[in-house]
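*Asks:* Starting off with a structure, shown below.
Computed from the coordinates by the stated procedures, all read-outs in this text should not be read as laboratory data. These numbers were taken from a predicted model, which means no experiment stands behind them. Heads up, the Cβs are rebuilt from the backbone with ideal geometry, glycines too, and the neighbour counts pull from every protein chain shown.
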Amino acid sequence: MARALVNVPKVARQGEVVEIKAMIAHPMETGYRSGPNGSNIPRDIIRRFTCTYNGEEVFSADLFPAVSANPFIAFTLVATTSGTIDFTWSDDAGKTQTASADITVN
Amino acid sequence: MHEDPLRVYAGPGVYAGMVGRRQFLRAGMTGLLAISLPRWAVARPSLEEAIRTFTGGANVLDGRVRLDLPPLVENGNAVGVTIVAESPMTEDDHVRRIAVFNEKNPEANVAVFHLGARSGRAMVSTRIRLATSQVVVAVAEMSDGSFWSSRASAIVTLAACIEDLS
């Protein structure tokens, strides 16, 4: 679907609160604009963003047209065990884009 | 024999069920008004209605949430917001959801974030669109079911959403 960019610290201490940043290239077309011929440009937005930590959902977001193009979301997680953090974006058309990052906890 | 109630004979060429001239004009004018308004201006829940839908009618208290929004926005297409809620973020006491609402965009909702004890801190940042100078409200739902909110207003010089591509 598009290019996604995630920022997860590579190494963290057990119990440390780490900041996660996630961004995806997406127009987030609101459906309220009209094109050159006066017709409405159909809505095309990312509706949902989820973040799973070793398969368990730890953060999610429902997005509406008022979220900027190339949606950027920053949040925090507690580093519990080493593993993978997966990110999923799904849009109006039902397409999904995933990204993942590994974290080492010691 | 039963007659159609809408079609009572009232004279040559006139039926009671017909649309009168005044009625016709009135309907025409309402129609024109509806066409001339932009699509989003017709129906949008107010800020309070949108918050009530989110909380399910529960009382919303002021405090425990901080909404950081720049007071003067040059480009309404990307306004950085940060919401921080005061919470120990433990299994027993954490922030369940954080929602952001606006006052004057075509849609009242901006985003809803679902958090939990594993978030560690109740802090979320994102970038939003603001169609005009307005008030933005952040509401946090705690695990005990209480709702806390914070509002901030921004002056927008370049609006988002409404500009056309033509």
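*Asks:* Going Cα to Cα from A:Lys95, which aspartates and glutamates come in below 14 Å? Please leave out same-chain ones fewer than 8 positions away.
*Replies:* Within the straight-line cut-off, A:Lys95 pairs with A:Asp44.
*Asks:* To the nearest whole number, what is the average tally of beta carbon atoms from other chains within 10 Å of the beta carbons of peptide B:70-81?
*Replies:* Average per residue, whole number: 1.
*Asks:* Which cross-chain or sequence-distant (5 or more) residues have an amide H under 5 Å from the amide H of A:Val67, H modelled 1.01 Å from N in plane?
*Replies:* The list, which skips near neighbours in sequence, is B:Arg129.
*Asks:* Which FRET efficiency value, to the nearest 0.05, is calculated for A:Ala2 and B:Arg21 with the Förster distance at 41 angstrom and r the Cβ-Cβ distance?
*Replies:* 0.15
*Asks:* Considering Cα pairs under 8 angstrom that are at least six residues apart, work out the relative contact order of chain A and quote it in whole percent.
*Replies:* Value for chain A: 35 percent.
*Asks:* Could you derive backbone 3J(HN,Hα) for the stretch B:108-122 from the dihedral phi with the Karplus parameters 6.51, -1.76 and 1.60 (θ = phi - 60°), listing whole Hz in sequence and x where the residue is Gly or Pro?
*Replies:* 6, 7, 10, 6, 10, 10, 9, 10, x, 4, 7, 6, x, 9, 8
*Asks:* Something else now. Taking neighbour Cβ counts within 10 Å as the exposure measure, how do B:Asp144, A:Asp91 sort from fewest upward?
*Replies:* Exposure proxy ranking, most exposed first: B:Asp144, A:Asp91.
*Asks:* Rounded to whole Hz and in sequence order, give me ³J(HN,Hα) for the stretch A:48-55 from the Karplus expression 6.51 cos²θ - 1.76 cosθ + 1.60, θ = phi - 60°, writing x for Gly and Pro.
*Replies:* Values, residue by residue: 9, 10, 10, 10, 10, 10, 6, x Hz.
*Asks:* Next question. Non-local amide H neighbours of A:Arg47 (under 5 Å, H modeled in plane, Pro and chain starts lacking H): which ones?
*Replies:* Residues meeting the amide H criterion: A:Ser90, A:Asp91, A:Asp92.
*Asks:* Still on this structure: Could you go through the stretch A:75-84 in sequence order and give the Karplus-derived ³J(HN,Hα) for each residue, using 6.51 cos²θ - 1.76 cosθ + 1.60 with θ = phi - 60°, rounded to whole Hz, and x for Gly and Pro?
*Replies:* So the J values, rounded to whole Hz, are 8, 10, 9, 8, 6, 9, 9, 5, x, 10.
*Asks:* Could you please rank A:Phe59, B:Phe147, placing first whichever residue has the fewest other Cβ atoms within 10 Å of its Cβ?
*Replies:* Arranged by neighbour count, lowest to highest, A:Phe59, B:Phe147 become B:Phe147, A:Phe59.
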